[in-house]
1. Scan the helices (runs of 4 or more DSSP H) fully inside segment 76-182 and keep the ones with 1 or more residues being more than 16 Å from the ligand (Cβ to nearest atom).
2. Is it the case that residue 260 is in contact with a Phe, Trp or Tyr (Cβ under 8 Å, 6 or more places away or on another chain) and acidic (Asp, Glu)?
3. Can you work out which of the residues in segment 1-43 that are of a type in the set (D, E, K, R) and surrounded by fewer than 13 Cβ atoms within 10 Å (Cβ to Cβ) is farthest from the chain's Cα centre (by Cα)?
4. Would you mind finding the one in 193, 218, 231 that is modelled with pLDDT of 95 or more and crowded, with 18+ Cβ neighbours inside 10 Å?
5. Within segment 218-270, track down each residue that is among the hydroxyl-bearing types (Ser, Thr, Tyr), out of contact with any Asp or Glu (no Cβ under 9 Å at 6 or more places or on another chain) and closer than 16 Å to residue 61 by Cβ.
6. Restricting to segment 310-340, what's the tally of residues that are out of contact with any strand residue (DSSP E or B) (no Cβ under 8 Å at 6 or more places or on another chain), within 16 Å of the ligand (Cβ to nearest atom) and over 17 Å from residue 158 (Cβ atoms)?
7. Going by what's in this entry, would residue 60 be described as assigned to a strand (DSSP E or B) and either surrounded by 21 or more Cβ atoms within 10 Å (Cβ to Cβ) or at pLDDT below 95 (or both)?
8. From the set of residues in segment 205-220 that are within 10 Å of the ligand (Cβ to nearest atom), small (Gly, Ala, Ser) and touching a Gly at 6+ places or on another chain (Cβ under 8 Å), which is farthest from residue 169 (Cα to Cα)?
Amino acid sequence: MANPTKVPFLDLVTPHKELEEELLAVVKKAFSNAGFIGGPMVEEFEREFARFCDAKYCVGVNSGTDALRFAFMASGIEPGDIVITVPHTFIATTEAISQAGGQIRFVDIHEQTYTLGPDKLREYIDKYCQFDAKSGRLIERGSKRRVAAVVPVHLYGQMADMDPIMELAAKYNFIVIEDACQAHGAEYFSKKANAWRKAGSIGKAAAFSFYPGKNLGACGEGGAITTNDEAMAQRMKMIRDHGQAKKYYHDVEGYNGRLDSIQAGWLSVKLRHLAHWNESRRALAHRYHELLAEAKDSIVVPVEAAWTKGVYHLYVVRVPNREALQAALAEAGIGTGIHYPIPLHLQKAYEHLGYQKGAFPVTERVASEIVSLPMFPQMTTAQQDEVAQKVEEFLDAKVAATL
Ligand SMILES: Cc1ncc(COP(=O)(O)O)c(C=O)c1O
């Protein structure tokens, strides 16, 4: 039988205990005027989160999935347009593409960062597309459809290599929507701008999730879109509210996709702690790197590319026998996860896309080897030592068994 939990995969109880008074004050405030939908708490959070992301506008919505879907709808993606992303992401990325009327195409990830590989994107364009100078559209030759957008996913809190992706977007006239659902506060060094840029400030728009376990998590569902495009922000505000800018005047059909005021108030409280929580995640990640350095021949630790300051939403390692490692850690009372075990192109939901096993070898290899170790800002060094020691014991035993 497994030991009682010594190190949870994620501790959501401690931060809520620490902030209990402030969080309860938000509820009292909402009760005092029964302002549960929209209003000052939502607007205040939107202003603060836009500032945090160095973006001009923020639109609070009901989830990261809504954020992606509304961003696609408001950016002019038309039914049948092609939207390219990676198969190594959570299914919400592609659900939102289909639900906005887009056709999903995948390109493989970069082996070190697990994010969209700009070379893979260039290869797809060169091999399968043609730029029609007259219409200014990039057309996929086989289907004759327009490639309207690319969605880099800043997975695990590490940013995709955005300069070359933005360069291709400018050259071929498609838009870039960042999936920043795991990357609140992550930064990218743009050689082009010679400056650090925040996740959510580079693409045409970016989607964030505030699912409770995220770096900035609500106490329930929540999400937001950031953009520097005012017209797009206005369209997304309409889409989240049944297509209306004025009550009962519906310009388009929309959704009920608003962010609750109490969630916005809670997010404002937590946002004040996000920078130091992210610092704590970064310090823990660097300490994990050091603790696991001796086992470097049998484990691959996360690589922080020179272009990123990652915020370690997850600390994901690679080992050849990850189920056995997970079992050994569970036996020692240590929680783990797999993000994600089955690449999207091999999911039943996407059989109709016609991708075969072997289509994206990097994604497939990575998906079969990854394990996410415990990572949360309040993790103690004693807890971390315990994890590292058990991982090393497991790897040593494996090495000994092969001698
Ligand atoms: C990469 C990615 N995209 C999109 C989402 C969807 O966010 P939500 O669960 O808030 O709808 C998530 C959340 O898990 C995610 O990790």
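1. 118-128, 162-172
2. When the stated conditions are applied, residue 260 passes them.
3. Residue satisfying both the conditions and the ranking: 28.
4. 218
5. 227, 261 - these are the residues of segment 218-270 that are among the hydroxyl-bearing types (Ser, Thr, Tyr), out of contact with any Asp or Glu (no Cβ under 9 Å at 6 or more places or on another chain) and closer than 16 Å to residue 61 by Cβ.
6. Looking only at that region, the number is 0.
7. Working: assigned to a strand (DSSP E or B): yes; either surrounded by 21 or more Cβ atoms within 10 Å (Cβ to Cβ) or at pLDDT below 95 (or both): yes.
Here the answer is yes, as residue 60 does meet what is asked.
8. Among residues in segment 205-220 that are within 10 Å of the ligand (Cβ to nearest atom), small (Gly, Ala, Ser) and touching a Gly at 6+ places or on another chain (Cβ under 8 Å), the one farthest from residue 169 (Cα to Cα) is 209.
The values are calculated or read from the model by the stated rules, or taken from the named source; none is laboratory data. For clarity, every value in this text was computed on a predicted model and none was experimentally measured. Reconstructed Cβ throughout: ideal geometry from the backbone, glycine too, with neighbour counts over all protein chains shown.
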